[in-house]
Structure formats: C-alpha cells, structure tokens
Amino acid sequence: MRVAMIGAGYVGLVSGACFAEFGVDVCVVDTEVSKVEALRAGRIPIYEPGLDRLVEENARDGRLSFTTNLDEAINGADAVFLAVGTPSRRGDGHADLSYVFAAAEQVARAAKGPLVLVTKSTVPVGTGRKIKEILRKTRPDLEIEVASNPEFLREGNAIGDFMRPDRVVIGAESDRAFQVLRRLYRPLYLIETPIVQTGLETAELIKYAANAFLAVKITFINQMADLCEKAGADVHDVARGMGLDGRIGRKFLHAGPGYGGSCFPKDTLALARTAQELGAPVTIVEQTIAANDARKEAMAERVIAALGGSAAGKTVAVLGLTFKPETDDMRDAPSLVVVPRLVEAGATIRTYDPQPSHARQMMPAGVQFAETALDAVESADAVVLLTEWNEFRALSPQKLKSAMRGDVVLDLRNAWDPAAFREAGFTYQSIGRQ
Ligand code: NAD
Ligand code: UGA
C-alpha cells in the first residue's frame with residue numbers, strides 16, 4: 001500500500017514513520033523546505049524518543065520519503081492523510097482550519113484518480129463534511145472519499161502509542177474508505193486492538209471528548225490537591241485510593257502546575273466554542289479551562305510566597321521548561337506563564353532543560369539558560385521543579401544544597417522525596433502533600 005502524509009510535524013512524522021514500519025510505502029510532504037531538507041539529510045527536526053532510528057531505518061529501506069511536492073506525494077496513493085496543524089484561532093478560541101482546508105484543496109487539484117482523504121489532524125465536528133464540499137466544488141469530476149482517523153498519541157511516548165494504541169477510531173461513509181484504513185492498520189489486528197468504526201461526526205467528536213475528559217480529570221485532581229493542602233491530606237494517596245476503583249482508573253491523576261501542551265489547551269477551548277455554537281454548552285469543560293489558566297498564575301504566586309512574599313533581587317532556578325518530559329515542545333507550557341510572572345516580580349531566572357527547545361525564543365529577555373541542572377541552581381535562592389524529566393528525579397538534595405545560596409524548593413510535580421529534601425536542610429513544598 002502507499003500513503004501520502006501531509007504535514008511533517010509531531011503527528012505526521014511519527015504516523016508516517018510508523019506506517020512505514022508496518023510495511024506501507026509512505027511519502028511525507030511539508031511546505032517547510034528546511035524541514036524536508038533536514039529529514040532528507042537524516043536529521044529529525046523534533047525531539048521524540050526513538051523517532052530518529054525509525055526514520056533512518058525506514059528511509060534506508062526505501063519505504064519512507066520526504067518531499068515538498070504534494071503532486072508527487074499523492075500520485076498513486078491509496079490514502080492521503082492530513083496531519084497539518086489546527087491551532088487556536090486568535091481571538092475566539094475556535095480551531096484555525098485554514099491549513100486543513102488549504103491542504104484539502106491542494107489535494108483535490110492535484111488528484112489524478114479516486115482516493116481516500118483522511119483527517120488525522122484534530123478537527124471540530126462538522127469539518128469532514130466541509131472538506132467534502134471543498135472537494136466536490138474543486139473536483140466535481142473525481143470521486144474523493146473523506147474519512148476521519150483521529151490520532152491519540154502523546155508526545156514523548158508517541159511511537160509506543162501509535163504502535164500499541166488503546167483503540168483506532170475510523171469515521172467514514174463508504175465501504176471503500178473503511179477497507180483502505182482497515183488494511184493500513186492490519187498489523188494492529190494481530191495485537192487485538194479495538195477498532196471503533198463510526199460516522200464522520202462521531203469520530204471527530206470522540207477525539208475532542210477524549211482530550212477534554214483527560215483535561216477535566218487532571219483539573220479535578222489539581223483541585224483535590226489544593227483541598228488536601230487545606231485539609232491536611234495527601235493527594236498521592238487520594239489519587240491512589242480513587243484510581244484503584246476500576247471505574248475511575250489511576251492514569252492522569254497526577255497533580256501538578258496545570259496541564260499544557262499543543263493539544264489540551266487548544267482542544268478544550270475549541271470544544272467549548274463548538275458546543276456553545278451548537279447550543280449544547282459543555283460547562284464542565286469551560287470551568288476546566290478557567291481553572292487551569294488560573295492554576296498556572298497561582299503557581300507563580302506560590303513561588304513568590306515561598307520566597308517570603310517578594311521575588312525582587314532573588315535568583316530562581318527553574319528546572320524544566322517544556323510542557324512535559326521527553327519532548328522539546330514548548331506550546332502552552334506552564335513555564336510560559338510562571339517564568340514571565342517571576343521576571344516581572346523582579347527575580348533573576350536561570351533555567352535548564354535536558355533537551356534543546358524553542359524556549360530561548362519564547363522566554364522573556366534576561367532569562368539565563370544553563371548547561372546543566374547543577375549550573376542552573378548555582379547560588380540560587382530557590383529551585384522550582386516545573387517539568388519532571390528523569391534527570392531531575394535523580395538529583396541529590398545534598399548536591400543541590402551545597403550549590404545553592406538559599407534553601408527554598410518548590411517541587412511542582414511531586415517528583416522528589418520530601419523527607420530527603422528536608423533532611424538536607426531545605427524548606428520543601430510540593431503539591432497537595434503536607
Ligand atoms: P505541527 O505544527 O508539529 O506540524 C504541522 C506541520 O504541517 C508543519 O510542519 C507544517 O509546516 C505542515 N503544513 C501545514 N500546511 C501544510 C500543507 N498545506 N502542506 C504540507 N505541509 C503543511 O503539528 P502537530 O503537533 O503534528 O499536530 C498536527 C495535528 O494533529 C493537530 O491537529 C493536532 O491537534 C493533532 N494532534 C497532535 C498531537 C501531538 O501530540 N502533537 C497528538 C494528536 C493529535
Ligand atoms: C495529549 C493526550 O494524552 C493524547 O492522547 C492526545 O493525542 C494529545 O494530547 C493530542 O491530542 O495532541 P500530550 O499533550 O502529548 O497528549 O501529553 P499528555 O501526557 O497528555 O500531557 C498533557 C499535559 O497534562 C502535560 O502538561 C502534563 O504535564 C499534564 N498532565 C498529564 C498532568 O498534569 N497530570 C497527569 O496526570 C497527566
């Protein structure tokens with residue numbers, strides 16, 4: 001089989017490489033010339049564990065190629081996947097579908113025969129039908145089926161999530177479209193992956209419902225953490241005690257500084273807007289968005305309070321800027337709220353991330369970037385653990401203490417052992433624990 005993947009971002013690149021690993025011929029297209037050139041030269045433009053090896057091996061075996069030429073990519077393809085971005089539209093929070101519609105139109109213009117156009121991008125309910133309309137208008141002479149195959153991978157674990165998903169969702173309206181997608185995912189039948197076969201609208205909504213539910217779940221445990229602090233309880237044990245109930249489940253009950261990333265913030269907002277417009281508001285999601293935004297601000301205030309009420313003239317080491325570990329993605333990271341607020345309050349900020357990212361371009365002027373975690377904490381008054389990279393879990397409290405000037409530790413991911421840090425002489429604070 002042969003597929004074209006439009007968009008060489010986190011989803012397009014991972015899905016393309018994984019389909020190639022399944023034995024499919026994959027051509028990945030991107031409009032960014034430098035990205036395609038890098039990929040052709042064997043350089044991966046993003047950090048995702050295991051992706052370099054997968055791309056290298058499949059490109060070497062001739063199953064994976066990269067181009068900026070869409071016509072060339074879709075020629076002879078059984079399916080064309082749209083994996084372009086759907087960011088928040090400035091001002092109203094709706095998903096910006098301009099990349100999706102533009103790519104769909106380009107495919108229609110370039111198509112030489114019948115094909116199946118599949119949205120892998122996260123698109124609001126009703127988008128597939130709008131794409132159908134664009135295709136019909138652009139190429140009334142051609143039969144182009146539209147299908148929805150939302151992607152559920154997480155950054156940092158993307159290859160494992162794609163290769164061993166909890167389920168595959170396929171929304172379509174013809175047997176041909178279902179058949180093409182089922183054939184592509186055939187290797188997953190061997191591991192008995194559930195396939196949810198449904199209509200276009202339902203598939204589109206499943207993706208938003210799943211992301212919004214996870215965002216609500218995180219926000220719920222974050223609010224429980226606040227309550228634990230007031231009530232003298234421990235949020236780890238609350239999460240464990242709740243999560244062992246099979247109806248609730250233990251995953252995504254880790255309290256922290258508020259969810260970030262390229263998807264939960266924009267997808268919750270887009271779902272809330274769509275639901276309002278359709279006259280069925282999801283107020284629980286609206287409240288989640290507001291609570292999560294407020295939480296990121298509150299984290300900065302918590303650091304200032306721990307510094308005795310003023311950050312002026314203080315040096316704060318911030319460990320971890322990306323929105324989660326094992327990614328270089330900075331989109332909507334809590335650090336983008338916490339660090340600017342601390343700078344505004346007069347603090348000098350020294351940061352360290354184990355992987356290079358775009359943080360340098362996104363942080364306020366004056367923020368310093370250290371080469372190691374220990375360099376970042378050198379002579380600092382406080383250390384804030386914002387993203388729980390494994391490297392940070394292994395840091396010795398004694399080494400931190402001897403490098404630092406002050407004794408304030410804010411572990412906003414509950415990654416460190418409170419007793420060990422207190423024993424080393426720190427004033428240690430975490431989330432939802434005493
Ligand atoms: P991204 O911004 O990393 O990548 C999108 C790529 O598409 C860019 O490289 C861009 O240059 C390219 N592009 C845009 N228009 C194009 C065109 N007309 N032709 C060719 N290339 C074009 O985005 P992403 O994080 O991969 O997300 C893509 C979609 O997948 C979004 O809808 C997102 O919500 C969804 N999604 C993302 C994740 C994730 O973990 N990042 C997971 C599941 C779903
Ligand atoms: C999320 C979903 O988990 C994927 O299923 C989905 O495909 C993807 O969004 C998407 O649509 O793009 P991702 O954003 O990569 O994946 O990462 P997550 O592991 O879900 O983390 C998101 C945010 O929630 C991070 O800031 C993380 O620190 C936070 N989080 C997660 C918590 O604070 N607590 C938790 O228990 C889990």
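The values are calculated or read from the model by the stated rules, or taken from the named source; none is laboratory data. Everything numeric in this text was worked out from a predicted model, so none of it was measured. Heads up, the Cβs are rebuilt from the backbone with ideal geometry, glycines too, and the neighbour counts pull from every protein chain shown.
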- Give the residues of segment 83-121 that are surrounded by 23 or more Cβ atoms within 10 Å (Cβ to Cβ) and polar (S, T, N, Q), sorted by residue number. Thr86, Thr119, Ser121
- Item | Which numbered condition Pro49 misses (of (1) farther than 30 Å from Arg139 by Cα; (2) out of contact with any Asp or Glu (no Cβ under 6 Å at 6 or more places or on another chain); (3) within 16 Å of ligand 2 (Cβ to nearest atom)) | (2)
- Consider Thr327 against the criteria (1) in a loop (DSSP other than H, G, I, E, B); (2) polar (S, T, N, Q); (3) under 27 Å from Met224 (Cα atoms): it satisfies all of them except one. Which criterion is unmet? (3)
- Might you check whether a residue that is surrounded by 16 or more Cβ atoms within 10 Å (Cβ to Cβ), of a type in the set (D, E, K, R) and under 25 Å from the mean Cα position of the chain (by Cα) occurs anywhere in segment 368-390? yes
- With criteria (1) away from ligand 2 (no atom under 11 Å from the Cβ); (2) surrounded by 15 or more Cβ atoms within 10 Å (Cβ to Cβ); (3) in a loop (DSSP other than H, G, I, E, B), Val180 comes up short on (3)
- Message: Among the residues that make up segment 250-267, is at least one of them of a type in the set (Lys, Arg), closer than 25 Å to Asp411 by Cβ and part of a helix (DSSP H, G or I)?
- Response: no
- Message: Show the residue pairs meeting these rules: Cβ distance below 7 Å; 6+ apart or different chains; first residue within segment 342-368 and under 17 Å from Glu378 (Cα atoms) and of a type in the set (Gly, Ala, Ser); second residue assigned to a loop (DSSP other than H, G, I, E, B) and modelled with pLDDT of 95 or more.
- Response: Ala347/Ala311; Ala347/Lys314
- Would a scan of segment 209-219 turn up a residue that is assigned to a helix (DSSP H, G or I), outside the structural domain of Phe22 (by TED's automatic domain parsing), among the charged types (D, E, K, R) and in contact (Cβ under 8 Å) with a residue 12 or more places away in the chain? yes
- Item | Checking Glu344 against (1) within 20 Å of the chain's Cα centre (by Cα); (2) more than 16 Å from Ala415 (Cα to Cα); (3) surrounded by fewer than 16 Cβ atoms within 10 Å (Cβ to Cβ), the condition it does not meet | (1)
- Query: Take the residues of segment 16-34 that are buried (at least 21 other Cβ atoms within 10 Å of the Cβ) and closer than 20 Å to Ala102 by Cβ: which is nearest to the chain's Cα centre (by Cα)?
  - Reply: Gly16
- The lone condition Met362 fails out of (1) in contact with a Ser or Thr (Cβ under 6 Å, 6 or more places away or on another chain); (2) within 16 Å of ligand 1 (Cβ to nearest atom) is (1)
- Task: Identify the residue in segment 286-325 that is crowded, with 21+ Cβ neighbours inside 10 Å and of a type in the set (Gly, Ala, Ser) and, among all such residues, is nearest to Glu391 (Cα to Cα).
- Result: Gly320
- Query: In segment 183-208, which residue that is in a helix (DSSP H, G or I) and of a type in the set (A, V, I, L, M, F, W, C) is nearest to Phe162 (Cα to Cα)?
  - Reply: Leu188
- Message: Can you tell me which of (1) out of contact with any Leu (no Cβ under 8 Å at 6 or more places or on another chain); (2) buried (at least 23 other Cβ atoms within 10 Å of the Cβ) is the one Gly256 doesn't meet?
- Response: (1)
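Residue-wise test of (1) within 16 Å of ligand 1 (Cβ to nearest atom); (2) over 22 Å from the mean Cα position of the chain (by Cα).
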{"residue": "Asp92", "(1), (2)": "no, no"}
{"residue": "Ala108", "(1), (2)": "yes, yes"}
{"residue": "Val116", "(1), (2)": "no, yes"}
{"residue": "Pro140", "(1), (2)": "no, yes"}
{"residue": "Phe152", "(1), (2)": "yes, no"}
- Across segment 293-336, what is the total count of residues that are in contact with an Asp or Glu (Cβ under 8 Å, 6 or more places away or on another chain) and β-branched (Val, Ile, Thr)? 4
- Is there a residue in segment 263-285 that is of a type in the set (Val, Ile, Thr), buried (at least 21 other Cβ atoms within 10 Å of the Cβ) and near ligand 2 (Cβ under 9 Å from one of its atoms)? no
- Message: surrounded by 22 or more Cβ atoms within 10 Å (Cβ to Cβ) and either more than 10 Å from ligand 2 (Cβ to nearest atom) or modelled with pLDDT under 95 (or both): which single residue out of Ala215, Ala209, Ala225, Ala158 fits that description?
- Response: Ala225
- Does Asp161 count as free of Cβ contacts under 8 Å to residues at least 60 places away in the same chain and part of a helix (DSSP H, G or I)? yes
- Note on the structure: Residue hits (segment 386-432; of a type in the set (Ser, Thr, Tyr), assigned to a loop (DSSP other than H, G, I, E, B) and under 26 Å from Gly258 (Cβ atoms)) are Thr387, Ser430
